[in-house]
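Visitor: Pasting a structure below so you can have a look.
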Amino acid sequence: MGLLRGTTKPISELYSLALLDLDGVVYRGKDPVPYASQSIGDAEKRGMGVEYTTNNSARFQSTVANQLRGFGLDVRADQVMTSSVVAARMVARQLPAGSRILVIGSDHLREEVQKQGLTLVGSAQDDPDAVIQGWYPQIAWTDLAQAAFAVERGARYFVTNLDATIPRELGIAPGCGSMIHAVVAATGVEPEDSAGKPESAMYDEALLLASSNGSPFGKEQCLAVGDRLDTDIEAGNRGGYDSLAVLTGVCDAEQLLYAPAYQRPTFIASDLRALNESMPEPRQVGPLQFNCGQATARLTETALEVSDTSDINALRAACNLFWQYDEREGTDATVKFVLPQFNL
């Protein structure tokens, strides 16, 4: 997907619409991510539109919007695109109206399914046409068993997202993808479609919503922002969106350095303050050296060396150096190098 780019003006003036992930970007559970709310508000003042995209299928749009308002943001409920909203629309496009659906998920997912003219059933014994599995805090073994029984009986299998983990107040917890593995292990059947990232459907739905509420946006005017390379950033690449990876959630320096081409972002930043900042472009200054701003990254025979492990520009330079080396030498060529311990 190329190398990291730079900007000569703030990102919020370069792009018209930010497609912001929530968990790990704007908040962690109930707690706000430092600098996020102020940065989003400042970006909106510069004219940048904002849509919030989340693989979380448990929470109503209005609930999420109320939480964001508690952080000082001005948010409408319809600015929040959840995987439940996308999943219900996705299944409604693939099954006839009135189809019987077993929902393993939250009240929000159940409500969205009903909004699409589909019929809710309570168990596998009701012979559902499809199962939609999502994540919610009260999910139990009995729920997973019902999903497995229905799939074994021939129900089509859809899921809201494939996230293996989810950031919470106390740390990283099992996500929807971890629960899906249990059903797949029991049935041998993989989900035939997922509403959440890394599929690009969520960004596409958010873009459609934003365009319907004002001036139409093109993909080139949109920036996907997230903390996970395997969901947020990969979804941007799949859908043709530029992307910004922030280091406030799951993603870290080592993941970025070893990211495969399809999970590499357009920009990297420590946090959302980058929305209102320009950033230098990493430039090659030798066969095995990149500079970015005043920072330097170079490869020796055994190690990756950077000028300052606390400088985000050093990580930007290092990523372009590693990615270029990887493309030149072949997949996993960089595993032999000792890495610096970044403190960002």
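The values are calculated or read from the model by the stated rules, or taken from the named source; none is laboratory data. Values in this document were obtained by computation on a predicted structure and should not be read as measured data. All Cβ positions, glycine included, derive from the backbone under ideal geometry; neighbour counts span all protein chains shown. What goes into the accessible areas is simple: the full protein's heavy atoms, side chains included, and nothing from ligands, DNA or RNA. Shrake-Rupley method; radii C 1.70, N 1.55, O 1.52, S 1.80 Å.
Visitor: Would you mind working out the magnitude of the charge dipole of the chain relative to its Cα centre, with +1 at each Lys and Arg C-beta and -1 at each Asp and Glu C-beta, to the nearest 20 Debye?
Guide: Dipole magnitude for the chain comes out near 460 debye.
Visitor: Counting only DSSP beta bridges with both residues in segment 91-229, what percent are antiparallel, rounded to the nearest 5?
Guide: Of the beta bridges lying entirely in segment 91-229, close to 25 percent run antiparallel.
Visitor: Towards the positive end of the charge dipole of segment 124-232, with charges on Cβ (+1 Lys, Arg; -1 Asp, Glu), say which of MET179, TYR157, VAL225 has the farthest Cα.
Guide: So the residue we want is VAL225.
Visitor: What accessible area per residue comes out for the chain, rounded to a whole number of Å², with a 1.4 Å probe?
Guide: With the other protein chains kept in place, the chain gives 42 Å² per residue.
Visitor: Given the Cα-Cα distance of ASN343 and GLU192 and 0.36 nm per residue of separation, how much length would full extension add, in nm?
Guide: In short, 50.3 nm is gained.
Visitor: Over 25 Å between C-alpha atoms is what I'm after, so list which of LYS9/LYS45; LYS9/LYS219; LYS115/LYS219; LYS45/LYS115; LYS9/LYS197; LYS30/LYS115 land there.
Guide: Where the Cα-Cα span goes over 25 Å, the pairs concerned are LYS115/LYS219; LYS45/LYS115; LYS9/LYS197; LYS30/LYS115.
Visitor: Okay, moving on. Quick check: Cα centre of segment 4-32 to Cα centre of segment 83-137, how many Å?
Guide: Spelled out, the Cα-based centre of one part sits 31 Å from the other.
Visitor: Quick check: at a probe of 1.4 Å, how many percent of the accessible area of the chain sits on carbon and sulfur atoms?
Guide: Ligands and nucleic acids excluded, carbon and sulfur reach 47 percent.
Visitor: Taking LYS336 as the anchor, which aspartates and glutamates have their alpha carbon closer than 16 Å to its alpha carbon, excluding any fewer than eight residues away along the same chain?
Guide: In chain and number order, the partners are GLU254, GLU301, GLU305, ASP326, GLU327.
Visitor: Mind checking the dipole of segment 209-344: about its Cα centre, +1 per Lys or Arg Cβ, -1 per Asp or Glu Cβ, Debye to the nearest 20?
Guide: I would put it at about 240 debye.
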